[in-house]
1. With respect to residue 310, is the statement that it is out of contact with any helix residue (DSSP H, G or I) (no Cβ under 7 Å at 6 or more places or on another chain), farther than 30 Å from residue 417 by Cβ and either touching a residue at least 40 places away in the same chain (Cβ under 8 Å) or crowded, with 19+ Cβ neighbours inside 10 Å (or both) true?
2. Listed residues 174, 186, 219; which is more than 30 Å from residue 291 (Cα to Cα), outside the structural domain of residue 96 (by TED's automatic domain parsing), in contact (Cβ under 8 Å) with a residue 12 or more places away in the chain and surrounded by fewer than 21 Cβ atoms within 10 Å (Cβ to Cβ)?
3. Only one residue in 340, 303, 307 is over 22 Å from residue 246 (Cα atoms) and in a helix (DSSP H, G or I). Which one?
4. Suppose we keep only residues that are more than 19 Å from residue 101 (Cα to Cα) and in contact with a helix residue (DSSP H, G or I) (Cβ under 6 Å, 6 or more places away or on another chain) within the range 122-134. Which one would you say is modelled with the lowest pLDDT?
5. Of the numbered conditions (1) under 20 Å from residue 388 (Cα atoms); (2) assigned to a strand (DSSP E or B); (3) not assigned by TED's automatic domain parsing to the domain that holds residue 410, residue 318 fails exactly one; give the number of that condition.
6. Has the range 394-405 got any residue that is crowded, with 18+ Cβ neighbours inside 10 Å, in contact (Cβ under 8 Å) with a residue 24 or more places away in the chain, in contact with a helix residue (DSSP H, G or I) (Cβ under 9 Å, 6 or more places away or on another chain) and not in a loop (DSSP other than H, G, I, E, B)?
7. Restricting to the range 324-375, count the residues that are surrounded by fewer than 13 Cβ atoms within 10 Å (Cβ to Cβ), at pLDDT below 95 and in contact with a strand residue (DSSP E or B) (Cβ under 8 Å, 6 or more places away or on another chain).
8. Give the number of residues within the range 259-299 that are without any contact (Cβ under 8 Å) to a residue 60 or more places away in the chain, touching a helix residue (DSSP H, G or I) at 6+ places or on another chain (Cβ under 7 Å) and closer than 17 Å to residue 321 by Cα.
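The values are calculated or read from the model by the stated rules, or taken from the named source; none is laboratory data. Please read these numbers as outputs of a predicted model, since none were measured by experiment. Every residue, glycine among them, receives a Cβ derived from its backbone with ideal geometry; neighbour counts consider all protein chains shown.
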């Protein structure tokens, strides 16, 4: 019997990437396809972090409809909670299911009638993922949910409160993936740094245990909050298995703005932390929102001056986008979208210059996991989370390579092997 084919379209964060792999792993009656046009069913793992994210999902659905593809559409992910009912009523999708239902994917895909099964927000995954389709790095979800209540964020309301995955299950999963050839593991979740708060352990303790598993070469982290870098965590900063890049979520560098956003970080302490990490040789990235309501010209000047002081090398920045149902959505005065974009480009330019300076100043060896081949050249990521393009006659995809001689260019590093 020929199995029906399922295509997964994943939007948003690393947690969604992991959740899509859980669904792929849980399917028994269907076949995965990476070719959307031949799919009998399309599972849309959606993001809803902003109103714009919802728009991307709707645009994707419109694109499928216009293409004449007759595949049944199913919606899951964070957007299932915010837009699932309306899309179902519009008959644009066949079924909606929450993150807690993803292991029942075979049953859900077989449903003849339209359905809405949103599940609950207190579930904890217990599936073991032993392979990552189309990936050379493994994403490991270690926790779910968030106890922070930042004024602009809807995520705690669609992912629930913070809860940790079972330590033994995380270690079992990584052991299985390491045996299957994976050497780099990215720990992910809604709020990664909160791991262990509910189970009387910690992120640092977990990482030390992961590092002892044979085959584990590098451990990366998703975004963590400044207040989550504890003294215990600082003790592992010199470990060879820890990525030499940390992504610390600030969202802003003006103390006034941080209060408006209901953030828990304090700029003075943020600066001390970033300088400590830089002194230890880390590349340091952050998240930043420009144009949040109340971001006056004076506040922006203060923020950009502070950003210039920080040893930043990477930036995940975006203009503020209203998210219905959050306190920020009703705040005044609003910032003009064009101005917010100008501010975004200003901070991006500063961090791009800092990244180039960081790469020029580094004189050591680059430890690279080669991830893909495009147009005859290999693309990889080094220990500082910087991209490198390699020209080689060998087949390098999935391999680890060390490079001493390379060219530093504005867009990225280049090497011949």
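1. On the way: out of contact with any helix residue (DSSP H, G or I) (no Cβ under 7 Å at 6 or more places or on another chain): no; farther than 30 Å from residue 417 by Cβ: yes; either touching a residue at least 40 places away in the same chain (Cβ under 8 Å) or crowded, with 19+ Cβ neighbours inside 10 Å (or both): yes.
For residue 310, the condition - out of contact with any helix residue (DSSP H, G or I) (no Cβ under 7 Å at 6 or more places or on another chain), farther than 30 Å from residue 417 by Cβ and either touching a residue at least 40 places away in the same chain (Cβ under 8 Å) or crowded, with 19+ Cβ neighbours inside 10 Å (or both) - is not met.
2. Values: 174 fails: surrounded by fewer than 21 Cβ atoms within 10 Å (Cβ to Cβ); 219 fails: surrounded by fewer than 21 Cβ atoms within 10 Å (Cβ to Cβ).
Selected residue: 186, the only one of 174, 186, 219 that is more than 30 Å from residue 291 (Cα to Cα), outside the structural domain of residue 96 (by TED's automatic domain parsing), in contact (Cβ under 8 Å) with a residue 12 or more places away in the chain and surrounded by fewer than 21 Cβ atoms within 10 Å (Cβ to Cβ).
3. Values: 303 fails: over 22 Å from residue 246 (Cα atoms); 307 fails: over 22 Å from residue 246 (Cα atoms).
Answer to the selection: 340.
4. Filtering the range 122-134 for residues more than 19 Å from residue 101 (Cα to Cα) gives 130-134.
Restricting the remaining residues to those that are in contact with a helix residue (DSSP H, G or I) (Cβ under 6 Å, 6 or more places away or on another chain) gives 130, 132-133.
Values: 130: 64, 132: 64, 133: 59.
Ranking the candidates gives 133 first.
5. Answer for residue 318: the failing condition is (1).
6. Checking the range 394-405: not a single residue is crowded, with 18+ Cβ neighbours inside 10 Å, in contact (Cβ under 8 Å) with a residue 24 or more places away in the chain, in contact with a helix residue (DSSP H, G or I) (Cβ under 9 Å, 6 or more places away or on another chain) and not in a loop (DSSP other than H, G, I, E, B).
7. Of the residues in that region, 1 qualify.
8. 6
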